[in-house]
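Novice: Sharing a structure with you now.
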Amino acid sequence: MKISIIGTGYVGLVTGICLASKGHKVICIDKKQEVVDKINAMVSPIYEPGLEELLIKAVSSGNLIATTNLEHSVLNSEVSIIAVGTPANNDEIDLSYIEKSVWEIGSVLKNKNCYHVVCVKSTVVPATSDTIVKNLLEKASDKMIGEIGLAMNPEFLREGKAVEDFMYPDRIVIGAHDHRSFETMKNIYKDFFNAPILHVNLRTAEMIKYTSNALLATLISFSNEIAALCEKTKNIDVKEVMEYVTLDKRFNPRIDKQLVNPGMNNYLKAGCGFGGSCFPKDVKALISYSKGLGYQPQIIDATIKINKEQPLRLIKRLEEKLISLKGKKIVILGLAFKPDTDDIRESPAIAIINSLLEKGALIHGVDPIAIESMKKVIPEDKKSVSYTPDYVTALKSADVAILVTSWPEFAAIPPEAFNKLMKTPIVLDGRRVLDKKAFEAAGVVYMGIGLA
Ligand code: UDX
């Protein structure tokens, strides 16, 4: 099929490249000439494992091109997928980029006679597509929805695993205004390894996206609450508790259907709290949406509250151990909100560093790729904050090391190195990726989230 993707940020780019690699003819549209040039030169504007390899194949096979020309692109395609940003604006979402794109597409469709589906992929609160988007599109095109197709197709892509998540989806959700819109969208996904394609109405699709993120975020906050209880009770390890609880097939029906090997659930782990561009923003937007409807949410409110407190609980534990953090050299292992990304948006590392600075600690941040991003939020300063990609330099004569991001390279540091390099070898494992026994055998004081 011929597909236009409007907005080549994270979601648009991954969608465009993956659909092109499935044989569709894709045109990626972006306002920024430098982004368009990069795509056409087969250089990925973002870091995402596996993406550049697919980009090279897609461009060289002629299945993908990028352009700033929306009109030409929409005129020459059957579907326009809107993947522009919906940034947070006082806990609500800002729809201005969506509105602008819809208006521009609608204006082009005024002069187009063959059937065309406009699909919203950006995350929007329920009832956005069948009110704001629909009205704007009808006004700009001078046509009724029905003549033009309208769909909402949310994404469930994790940073660092976006290509895998796109190519092997658990399910494909298509909210459609009518049957014809659905059938057109379904064609795009006909070659996706038998993933169920679910036909729902537009606002249900929007709600599924928010509910998915809110549920996952809530389960993480729930794990973190259980972790707090485990820390107060000797001989219970939250890691074992959550792993074994989630083996229950009611949490993972695929185990029941033998679709995957029953095994440990790799999600829902207690840690320093969730960050990133989606969970915090989407849960807050859902809270705001709910309040707007006159319903005061309680569970998702608590999800955010626990998440805000979680990094501070780590600091409290350290204070209980060390009495004062003033003048202590503290190494932060990991600045990114999760491994395999340089993204520090809402990273727990930010709250941890800020709280430690307030208490007079000296910070040495370590990260393989996120240092430059972090410097923009918490700049280096000679007295109290420095960053290095090299853990050896950072750990030298440190008082405490806190593991905040589960980069594999941190888990690979030999426990003996902490003992040898640090002044007082105390390690606080905020992601439970280090081997407690090995650390204790190496003479390191090990403290872990969810462990007394
Ligand atoms: C998330 C959703 O997973 C994805 O479906 C949606 O489309 C966008 O938001 P992402 O933000 O990339 O993706 O990362 P994810 O891997 O879900 O992690 C989010 C945060 O939760 C990270 O800070 C991570 O460290 C934390 N987390 C995740 C935990 O604390 N414990 C876990 O077990 C998993």
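The values are calculated or read from the model by the stated rules, or taken from the named source; none is laboratory data. Worth saying up front: this structure is predicted, and the values here are computed from it rather than measured. When we count neighbours, we look across all protein chains shown, and the Cβ atoms used for this are built from the backbone with ideal geometry, even at glycine.
Novice: Which pairs turn up if I take residues in region 158-174 that are under 15 Å from residue 213 (Cα atoms) and assigned to a loop (DSSP other than H, G, I, E, B) and look for partners that are within 10 Å of the ligand (Cβ to nearest atom) and among the polar types (S, T, N, Q) with beta carbon separation below 6 Å, at least 6 apart in sequence or on another chain?
Specialist: 159/341
Novice: Next up: Keeping to region 419-444, report how many residues are in contact with a strand residue (DSSP E or B) (Cβ under 6 Å, 6 or more places away or on another chain) and either modelled with pLDDT under 95 or more than 16 Å from the ligand (Cβ to nearest atom) (or both).
Specialist: Number satisfying all stated conditions: 6.
Novice: Then there's this: Condition (residue is acidic (Asp, Glu) and at pLDDT below 95) applied to region 275-290: is it met by at least one residue? Steps first, please.
Specialist: Here is the first cut: in region 275-290, the ones acidic (Asp, Glu) are 282.
This time we only want the ones that are at pLDDT below 95, so: none.
No.
Novice: Sticking with this one: Inside region 282-306, can you point out the residues that are more than 9 Å from the ligand (Cβ to nearest atom) and within 22 Å of residue 341 (Cα to Cα)? Steps first, answer last, please.
Specialist: Of all residues in region 282-306, those more than 9 Å from the ligand (Cβ to nearest atom) come to 283-306.
Listed by number, the list holds a single entry, 283.
Novice: Still on this structure: Looking at (1) under 22 Å from residue 283 (Cα atoms); (2) away from the ligand (no atom under 16 Å from the Cβ); (3) modelled with pLDDT of 95 or more, which one does residue 89 not meet, given that it meets all the others?
Specialist: Tallying (1) under 22 Å from residue 283 (Cα atoms); (2) away from the ligand (no atom under 16 Å from the Cβ); (3) modelled with pLDDT of 95 or more, residue 89 fails exactly one: (3).
This table checks each residue for (1) of a type in the set (S, T, N, Q); (2) not assigned by TED's automatic domain parsing to the domain that holds residue 155.
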{"position": "196", "(1), (2)": "no, no"}
{"position": "206", "(1), (2)": "no, yes"}
{"position": "209", "(1), (2)": "no, yes"}
{"position": "215", "(1), (2)": "no, yes"}
{"position": "218", "(1), (2)": "yes, yes"}
{"position": "221", "(1), (2)": "yes, yes"}
{"position": "226", "(1), (2)": "no, yes"}
{"position": "230", "(1), (2)": "no, yes"}
{"position": "233", "(1), (2)": "yes, yes"}
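Novice: List, please: which pairs have Cβ atoms under 7 Å, are six or more places apart or on different chains, and start with a residue in region 134-155 that is under 11 Å from residue 118 (Cβ atoms) and in contact (Cβ under 8 Å) with a residue 24 or more places away in the chain and end with one that is away from the ligand (no atom under 16 Å from the Cβ) and of a type in the set (Asp, Glu)?
Specialist: So the pair list comes out as 136/99; 145/138.
Novice: I've got another one for you. Counting residues that are closer than 18 Å to residue 322 by Cα, which strands (runs of 3 or more DSSP E) fully inside region 340-452 reach at least 2? It would help to see each step written out before you state the result.
Specialist: Numbers: elements: 362-366, 385-388, 400-403, 426-429, 445-448.
Counting at least 2 such residues, we get 362-366, 400-403, 426-429, 445-448.
Novice: Starting from region 409-435, take each residue that is without any contact (Cβ under 8 Å) to a residue 40 or more places away in the chain and closer than 25 Å to residue 231 by Cβ and list its partners that are within 16 Å of the ligand (Cβ to nearest atom) and polar (S, T, N, Q), counting only C-beta distances under 7 angstrom and pairs at least six apart or across chains.
Specialist: Listed pairs, sorted by first residue: 433/406.
Novice: Condition (residue is acidic (Asp, Glu), in contact (Cβ under 8 Å) with a residue 40 or more places away in the chain, within 16 Å of the ligand (Cβ to nearest atom) and closer than 27 Å to residue 451 by Cβ) applied to region 338-351: is it met by at least one residue?
Specialist: Residues of region 338-351 that are acidic (Asp, Glu), as a first pass: 340, 342-343, 346.
When the remaining residues are screened for being in contact (Cβ under 8 Å) with a residue 40 or more places away in the chain, the result is 340, 342-343, 346.
Checking which are within 16 Å of the ligand (Cβ to nearest atom) leaves us with 340, 342-343, 346.
Now narrow it down to the ones that are closer than 27 Å to residue 451 by Cβ: 340, 346.
Yes, there is a match, as at least one residue in region 338-351 is acidic (Asp, Glu), in contact (Cβ under 8 Å) with a residue 40 or more places away in the chain, within 16 Å of the ligand (Cβ to nearest atom) and closer than 27 Å to residue 451 by Cβ.
Yes/no per residue for (1) touching a strand residue (DSSP E or B) at 6+ places or on another chain (Cβ under 6 Å); (2) crowded, with 17+ Cβ neighbours inside 10 Å; (3) over 28 Å from residue 50 (Cα atoms); (4) at pLDDT below 95:
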| residue | (1), (2), (3), (4) |
| --- | --- |
| 147 | no, no, yes, no |
| 172 | yes, yes, no, no |
| 186 | yes, no, no, no |
| 202 | yes, yes, yes, no |
| 213 | no, yes, no, no |
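Novice: Would you pick out the residues in region 100-123 that are within 16 Å of the ligand (Cβ to nearest atom) and either within 17 Å of residue 3 (Cβ to Cβ) or assigned to a helix (DSSP H, G or I) (or both)?
Specialist: Just the residues of region 100-123 that are within 16 Å of the ligand (Cβ to nearest atom), to begin with: 120-123.
Residues satisfying the conditions are 120, 121, 122.
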